[in-house]
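Working notes, beginning with the structure itself.
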Amino acid sequence: MLQKCATLIAAAGLVVTVACAQTDTGITTNVKTKFATDDTVKAYQVDVTTRNGVVTLSGDVDTAAAKEQAVRIARDTEGVRDVIDQIRVNETAATGGFFDRGIGERASEAGRDAAGAFSDAAITATVKGKFLADDTVKGLQIDVDTKAGVVMLNGTVASRAEADRAVMLARNTEGVDHVVDNVRVSAR
């Protein structure tokens with residue numbers, strides 16, 4: 001009997017997980033997580049928004065390969081109906097402005113840029129993970145974006161306490177400089 005209950009609970013959890021992944025916020029989170037772990041895309045800041053299963057990608061990358069990989073990852077994410085590609089390839093890096101400086105300066109700058117972009121992706125993933133693990137916060141209702149250590153929270157939650165808890169969890173994440181709270185409380 002206990003084994004049947006455990007199996008039923010596991011199956012219910014799988015159904016909820018799959019259903020939540022199909023929400024716009026769930027799709028956005030899945031795409032961002034895949035970007036953070038992809039060797040070609042992870043060092044770049046690509047913004048992801050989802051509306052009715054349509055993912056919009058925007059931002060700047062240094063190579064056409066990074067752009068193509070970002071679009072491919074988004075298209076291959078479950079629940080995505082279409083992808084709008086607004087990613088720009090950074091022409092300065094592609095055309096040589098980057099190469100006008102000394103090799104040491106270029107390497108140092110590239111390292112800082114990659115570390116900063118990856119840190120933002122890592123911060124986003126960490127904050128989102130905290131939301132999903134927290135009993136108070138409905139993590140799939142809050143979108144998390146990070147740029148230069150500034151975390152932007154967007155979405156609608158059931159109570160002010162839930163919104164305040166989300167802000168507190170984000171603020172207490174390593175690497176976060178500031179939190180922009182755009183979380184709304186639903187007027188049920």
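The values are calculated or read from the model by the stated rules, or taken from the named source; none is laboratory data. All figures in this text were calculated on a predicted structure; none of them were measured in a lab. Cβ placement follows ideal geometry from the backbone for every residue including glycine, while neighbour counts extend to all protein chains displayed.
Exactly one residue out of 127, 144, 151 is out of contact with any Pro (no Cβ under 6 Å at 6 or more places or on another chain) and not in a strand (DSSP E or B): that is 127.
Here's the yes/no breakdown for (1) in contact with a strand residue (DSSP E or B) (Cβ under 8 Å, 6 or more places away or on another chain); (2) in the same structural domain as residue 56 (by TED's automatic domain parsing); (3) at pLDDT below 90:
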residue: 122; (1), (2), (3): no, no, yes
residue: 128; (1), (2), (3): yes, no, yes
residue: 143; (1), (2), (3): yes, no, yes
residue: 153; (1), (2), (3): yes, no, no
residue: 159; (1), (2), (3): yes, no, no
residue: 166; (1), (2), (3): yes, no, no
residue: 178; (1), (2), (3): yes, no, no
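So, in the range 132-151, how many residues would count as being under 17 Å from residue 31 (Cα atoms) and within 13 Å of the chain's Cα centre (by Cα)?
Residues flagged as under 17 Å from residue 31 (Cα atoms) and within 13 Å of the chain's Cα centre (by Cα) within the range 132-151 amount to 8.
Criterion applied to 31, 46, 41 was being on the phi < 0 side of the Ramachandran plot, within 16 Å of the chain's Cα centre (by Cα) and modelled with pLDDT of 85 or more, and the one residue passing it is 31. The set of residues in the range 168-179 that are surrounded by fewer than 18 Cβ atoms within 10 Å (Cβ to Cβ) and not in a loop (DSSP other than H, G, I, E, B) comprises 168, 171, 178. A count restricted to the range 78-87 and to residues that are more than 11 Å from residue 54 (Cα to Cα) and either at pLDDT below 90 or touching a strand residue (DSSP E or B) at 6+ places or on another chain (Cβ under 9 Å) (or both) stands at 2.
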